[in-house]
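The values are calculated or read from the model by the stated rules, or taken from the named source; none is laboratory data. Bear in mind the structure is a predicted one, so any value in this text is a computation, not a measurement. Neighbour counts are summed over all protein chains in view; Cβ atoms, including those assigned to glycine, are modelled from backbone coordinates with ideal geometry.
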Amino acid sequence: PPPGRQGFVLHPACCRSPRDAEALEAVKASLPAEERERIRLVRLDVEDQMSIEGAADEIRTEYGRVDALLNVAGILGDGGESTPGPERSLGKIDREWTAKSLAVNVIGPVMLAQALAPLMRTKGGRGQRRTRRKTSDEGEEKEEQRAPSIVANLSARVGSISDNELGGWYSYRLSKAALNQATRTMAHELKRQGTRAVALHPGTTDTDLSAPFQRNVAEGRLFPVEFTVRQLLDCIDNLDDEHSGGLYDWSGRALPF
């Protein structure tokens, strides 16, 4: 982790395609040996329930617990060149593309949270903190208290209903609005086991998803991936129980639903 960051060491990094795996392997290879050893790539397709369950089983067997689940899978489309989305008008809405947007942007993250939630429990019951035995260097056993775990769903500001002043982008907007609602709903349930849930708006980041639309981004508002990752991890680091269920942007600012 970056200097000063105590909470996040990435272990299982999930990917769907060989191309994605190659990209992750390249990132892994660039890390110091000690950090490379901590990372394991897990094949996962968020549209395939068997794949989700298989990945969860693999993580359960290898690690036994999950401290943070970052759901970052998502689709937007290229504006009509090869996909119907994002649709700028009602007449452009495509049933199959809308269903796929919901499958990837909402259903997949929710089902992955369902599969991994049992591994994220830090409370044995309401108000009871789960602990485990840890042996010190001197051979003495002591209780180790787990910090609250977190589900962080990558959302978008365009999913905010009250902030929608332009319209358009139907399937993407409705999928992110649904993800925000799912995040708020799971936050109520998961707090009983010591798990927080938040939705995060990363800002426009220089990725394949935003590439078809970058020409319209104001100067200084297209963020490098490394910047966005640091900002979002800082945001997560600074969240408390009262922030669970909310939507926050890359700077940590609360956004309206």
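Summary of values
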{"quantity": "Residues (basic (Lys, Arg) and either in contact with a Pro (Cβ under 9 Å, 6 or more places away or on another chain) or closer than 20 Å to Asp48 by Cβ (or both)) located in segment 58-96", "calculated": "Arg60, Lys92"}
{"quantity": "Flag if Gly64 is in contact (Cβ under 8 Å) with a residue 24 or more places away in the chain and crowded, with 20+ Cβ neighbours inside 10 Å", "calculated": "no"}
{"quantity": "Of all residues in segment 81-140 being modelled with pLDDT of 95 or more and polar (S, T, N, Q), the one that is farthest from the chain's Cα centre (by Cα)", "calculated": "Ser89"}
{"quantity": "Residue count for segment 81-103, restricted to those that are under 16 Å from Lys176 (Cα atoms) and buried (at least 18 other Cβ atoms within 10 Å of the Cβ)", "calculated": "7"}
{"quantity": "Pair list, Cβ under 7 Å, 6 or more apart: segment 194-213 residue more than 22 Å from Leu239 (Cα to Cα), other residue buried (at least 19 other Cβ atoms within 10 Å of the Cβ) and of a type in the set (A, V, I, L, M)", "calculated": "Leu209/Leu76"}
{"quantity": "Of the criteria (1) without any contact (Cβ under 8 Å) to a residue 60 or more places away in the chain; (2) under 27 Å from Pro118 (Cβ atoms); (3) touching a Gly at 6+ places or on another chain (Cβ under 9 Å), which one Glu189 fails", "calculated": "(3)"}
{"quantity": "Selection status of Leu102, over 20 Å from Thr207 (Cα atoms) and part of a helix (DSSP H, G or I)", "calculated": "yes"}
{"quantity": "Given (1) of a type in the set (S, T, N, Q); (2) surrounded by fewer than 19 Cβ atoms within 10 Å (Cβ to Cβ); (3) modelled with pLDDT of 95 or more; (4) assigned to a helix (DSSP H, G or I), number of the condition Asn164 does not satisfy", "calculated": "(4)"}
{"quantity": "In segment 38-79, residue nearest to Trp97 (Cα to Cα) [restricted to those that are of a type in the set (Lys, Arg) and in a loop (DSSP other than H, G, I, E, B)]", "calculated": "Arg65"}
{"quantity": "Test for Glu144: is it surrounded by fewer than 16 Cβ atoms within 10 Å (Cβ to Cβ) and at pLDDT below 95", "calculated": "yes"}
{"quantity": "Count of residues meeting criterion [of a type in the set (Lys, Arg) and either surrounded by 14 or more Cβ atoms within 10 Å (Cβ to Cβ) or assigned to a helix (DSSP H, G or I) (or both)] in segment 199-243", "calculated": "2"}
{"quantity": "Candidate set: segment 67-80, residues that are of a type outside the set (Gly, Ala, Ser) and farther than 27 Å from Asp237 by Cα; chosen: the one surrounded by the fewest Cβ atoms within 10 Å (Cβ to Cβ)", "calculated": "Asp78"}
{"quantity": "Residue identified as modelled with pLDDT of 95 or more and in a strand (DSSP E or B) among Arg173, Arg196", "calculated": "Arg196"}
{"quantity": "Enumeration of residues in segment 21-34 that are of a type in the set (D, E, K, R) and at pLDDT below 85", "calculated": "Glu22"}
